[in-house]
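Only one structure is covered here, and it is reproduced in the block below.
The values are calculated or read from the model by the stated rules, or taken from the named source; none is laboratory data. From a predicted model like this one, the values you see are computed outputs, not experimental measurements. We place every Cβ from the backbone using ideal geometry, glycine too, and count neighbours over all the protein chains shown. Ligands, DNA and RNA are excluded from the accessible area calculation, which covers all protein heavy atoms including side chains. Shrake-Rupley method; radii C 1.70, N 1.55, O 1.52, S 1.80 Å.
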Number of protein chains: 2
Amino acid sequence: MDSNNFCVIMAGGVGSRFWPLSRSAKPKQFLDILGTGKTFLQQTFDRFKNICPLENILIVSNKDYKDLILEQLPEVLEENVLLEPMRRNTAPCIAYANYKIREKNPEANIIVAPSDHLIMNEPEFERVIRQGLDFVNENDALLTLGIKPNRPETGYGYIQINHNQKIEESECKPTKVKTFTEKPNLEMAKIFFESGEFFWNSGIFLWKLNSIMGAFDKYLAEVNELFKKGIGVYNTDGEQKFIDQTYSESKNISIDYGIIEKADNVYVLCADFGWSDLGTWGSLYENSQKNEENNTVMGKNVLLYDTENSIINMPEDKLVVIQGLKDYIAVESDGILLICKREDEQKIRQFVKDVKIKKGDDFV
Amino acid sequence: MDSNNFCVIMAGGVGSRFWPLSRSAKPKQFLDILGTGKTFLQQTFDRFKNICPLENILIVSNKDYKDLILEQLPEVLEENVLLEPMRRNTAPCIAYANYKIREKNPEANIIVAPSDHLIMNEPEFERVIRQGLDFVNENDALLTLGIKPNRPETGYGYIQINHNQKIEESECKPTKVKTFTEKPNLEMAKIFFESGEFFWNSGIFLWKLNSIMGAFDKYLAEVNELFKKGIGVYNTDGEQKFIDQTYSESKNISIDYGIIEKADNVYVLCADFGWSDLGTWGSLYENSQKNEENNTVMGKNVLLYDTENSIINMPEDKLVVIQGLKDYIAVESDGILLICKREDEQKIRQFVKDVKIKKGDDFV
């Protein structure tokens, strides 16, 4: 295995969209929502074990999740678990990882990946990653993975390439990015989908350490300087104290907004390995096994009658009888019950806010 | 208080219609479904405390519920809790009570009443009962209480009087019964309702001990003879053993079918004291306080959105968020969750049977 290969798994998310299944004490990346036997974080970690040496896999997350991470990933090196004292979005997280890696191997090629996405075709994933690593090793490029859309999805951001570089099925190779676009409405999504110029933004990046550090220097020098001060402290007992201080001083900014959307050496490698960010109950439903009535059911003691197109997610042993639900989400976790129409799942965020206000932090 | 007044409260029911709120280990009469602070049994007991001396109030129920009864009714005399070893419907239950009472007071006037009905106007109830007691004290009559219908209800049995005896608002008095009818369909119920000749069968009976014993002798001699053998054993240490044996030999028959529908001295006293048998979620809903969206809600931590005309019955402290339910029942009790359309509540009985088959007796 190439000892220059490093992986940074970002595991600090705290979304409320899967509440009450995900809670602030246990967000989605730490859950096995699909019932595969592994949490998303575990799946992600295992996926990279074939690509990077174990000692080159870093996890970045919030301090609060340290124990959870060490528990779920018994193989991870404790020194490779980077603990953020507060949320500062992805740019500081990557700057921190850059300097940690720099001390170990200035020639590193780095993959940065979210911890809570679904990837179905692991061999194809590995092949694409290796293709991307080869590219960034030889080019001063910031490479993103762009997923070939199979439908006009409105839930994802898109990456556009130049019209004259439109990619044929047979020749997926790194291609210069024209622009990044936010989540489109359905009309636009249809145009994107049919054009062949647009890819879903997977949030997976590849680059040489030198390339990303150069980009930080150019576009986010302020953040870069803060973390540069830690040279000599990284991988010592003083690291956490330095990081706690540095994070409080750093601005809150994403790598996309801070660098990727500005840099002129951004490439996209198109990929087709059965990807979903599983960011909504809808996408979870799409990717789950369904019974004859198109229900996806978790829980051994769930009896359904006249129930269709619904997501039923109950504690393993809880006895539940449900009749007459069509297109609903019914989920119970840790003693909290949520029933909601599938078409209204975007309201869950508001429900969680209301719960926080009316019932307190313990329930969110 | 008249020491001839006796009351027999029948508390052996094990219905599954309110499952999972009612369970075979704790049927409806032992629950406070309306959240009044008292269970139905406690309400019924208290209601009769003004009418009968404490030592004249008998409870008949299954052996399994002995502890529950003594716990809920600390005032009841333990010797007045009649314990059935098995279910034999109401006739054996009343025969048993007859002989128990006979030993104490052969001049008794007896009220027999279910333990799980709702009565809103207690003073009016008391007035009607006293009127009935006066009548049965002076007449060899089997008197039933007939509730003045306020709607064409299909969920109750009806008692018909003769057309020429049609009762005016002002003159409710004991009237000869023409016939008892089963639950009608809606068309029939409308005719019943409009005729003025029909009353809801409340299941509350009044009679002199001699009258009911005479009727047993005439119409259910076989059952009567069995219990007659216990004379001298009632109210002694041998009573329970005798009863256990006698019940196993007795036939399973209701007082209605065995006596009331056959006897020629059956009268009805019309009553209007805000009665409901609360035998269905529908009737429970009718009799419960509702919020602005016409939901009846039990549980302190229930948040509702876009939810109307529903019955939400959750454990007091459970956090529940429900969105988009209209005309549903959502109830959790003792770790079991049921969601069901209100219009399909009659299916609950089948659900419970299925649960019993698929998951075992522990859940019913």
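At a glance:
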item	result
Whole-angstrom Cα spans of region B:212-321 along principal axes, big to small	62, 37, 21
Shielding by partners, peptide A:348-359 (average Cβ within 10 angstrom, other chains)	2
Taking only Cα atoms of region B:285-324, radius of gyration then Dmax in Å	9.5, 25
Among B:Leu278, A:Thr307, B:Ser248 - extreme Cα towards positive end, dipole of the protein assembly as shown, charges at beta-carbon	A:Thr307
Per residue value of the accessible surface for the protein assembly as shown (all protein chains in place, 1.4 Å probe), Å²	43 Å²
Rg to Rh quotient for chain A, alpha carbon positions, Kirkwood Rh	0.97
Beta bridges per DSSP with both ends in the protein assembly as shown, % antiparallel, nearest 5	45 percent
Nearest 10 degrees, 0 to 90: helix A:186-195 Cα axis against chain A principal axis	50 degrees
Pair B:Lys218, B:Ser248: separation of 7 Å Cα→Cβ label points (nm)	3.5 nm
Charge dipole (chain B, unit charges on Cβ, about Cα centre) - positive-most of B:Val136, B:Asn164, B:Ala263	B:Ala263
Where A:Thr144, B:Thr36 fall by accessible area, highest first, once all protein chains stay in place (1.4 Å)	B:Thr36, A:Thr144
Fraction in percent of alpha-carbon pairs per bin - 10 Å, region B:58-114	21, 54, 24, 0
Inter-centroid distance (Cα atoms) of region A:34-93 relative to region A:150-225, Å	25 Å
Residue-averaged [θ]222 nm for chain A, counting only DSSP H segments that reach four residues, each worth -39500 (n - 2.57)	-9000 deg cm²/dmol
Charge dipole magnitude, Cβ of K and R +1, D and E -1 - the protein assembly as shown, Cα centre, debye nearest 20	220 debye
Copy-to-copy label separations for B:Glu308, where each label sits 7 Å from Cα toward Cβ, in nm and ascending	2.3
Over 25 Å (Cα to Cα) - which of A:Lys358/B:Lys341; A:Lys326/B:Lys28; B:Lys38/B:Lys300 fall in this group	A:Lys358/B:Lys341; A:Lys326/B:Lys28
All-pairs Cα distance distribution in region B:157-275, expressed in whole percent, bin size 5 Å	2, 9, 17, 17, 16, 12, 9, 8, 5, 3, 1
Rounded FRET efficiency, nearest 0.05, which uses the C-beta distance separating B:Asn210 from B:Asn309 and R0 of 51 Å	0.50
Shortest-first nm distances, B:Lys104 label point to equivalent points in other copies (7 Å, Cα→Cβ)	8.4
Dipole magnitude of chain B about its Cα centre (Cβ charges: Lys, Arg +1; Asp, Glu -1), debye to nearest 20	760 debye
B:Glu222 - accessible surface, heavy atoms, 1.4 Å probe, Å² rounded to 10	110 Å²
All aspartates and glutamates inside 15 Å of A:Lys178 as judged from Cα atoms, apart from same-chain residues fewer than 8 positions distant	A:Glu197, A:Asp256, A:Glu261, A:Asp264
Angle between chain A longest axis and helix A:122-138 axis [Cα atoms, degrees, rounded to 10]	20 degrees
Pairs of Cα atoms farther than 23 Å apart, region A:109-211, %	27 percent
Shortest-first distances to equivalent copies, position B:Ile191, nm, label 7 Å out along Cβ	6.9
Point-to-point label distance, A:Arg87-A:Asp140, nm (Cα→Cβ direction, 7 Å offset)	3.6 nm
Proximal lysines relative to A:Lys241, as straight alpha-carbon distance under 26 Å, when same-chain residues fewer than 8 apart are discounted	A:Lys26, A:Lys63, A:Lys66, A:Lys100, A:Lys104, A:Lys228, A:Lys229, A:Lys251
Region B:261-351: Cα Rg divided by the 2.2 N^0.38 Å rule of thumb	1.40
Sequence of A:Lys326, A:Lys241, A:Lys148 when ordered by accessible area, the most exposed leading, probe 1.4 angstrom	A:Lys241, A:Lys326, A:Lys148
Surface accessible to a 1.4 Å probe, B:His163 within the full protein complex, Å²	120 Å²
Inter-label distance for B:Lys353 and B:Asn164, nm, one decimal - labels placed 7 Å from Cα along Cα-to-Cβ	4.7 nm
For region B:189-252, projected area of the alpha-carbon convex hull averaged over all directions, nm²	6.7 nm²
Normalised convex hull volume, region B:114-164, alpha-carbon set, Å³ per residue	138 Å³
Rg and Dmax [Cα atoms of region A:238-302; Å; Rg one decimal, Dmax integer]	21.0, 57
Solvent accessible area, Å² - A:Asp134, 1.4 Å probe, full protein context	90 Å²
Tail fraction, Cα-Cα pairs, region B:59-176, threshold 21 Å, whole percent	54 percent
Shape of region B:298-364, Cα gyration tensor, a/c cut at 1.5	oblate
Average beta carbon contacts from partner chains per residue of B:322-328, 10 Å cutoff	6
Accessible heavy-atom area order of A:Glu187, B:Glu261, highest first, probe of 1.4 Å	A:Glu187, B:Glu261
Region B:223-266: projected area of the alpha-carbon convex hull, averaged over directions, in nm²	3.8 nm²
q = 0.06, 0.12 Å⁻¹: log10 I(q)/I(0) that the Debye formula gives for the protein assembly as shown, counting C-alpha atoms only	-0.54, -1.26
Assigned charges on the beta-carbon of Lys, Arg, Asp, Glu; region B:177-242 dipole about Cα centre (debye)	140 debye
Alpha-carbon radius of gyration plus Dmax, which is the widest Cα pair, for region A:1-111 in Å	13.9, 43
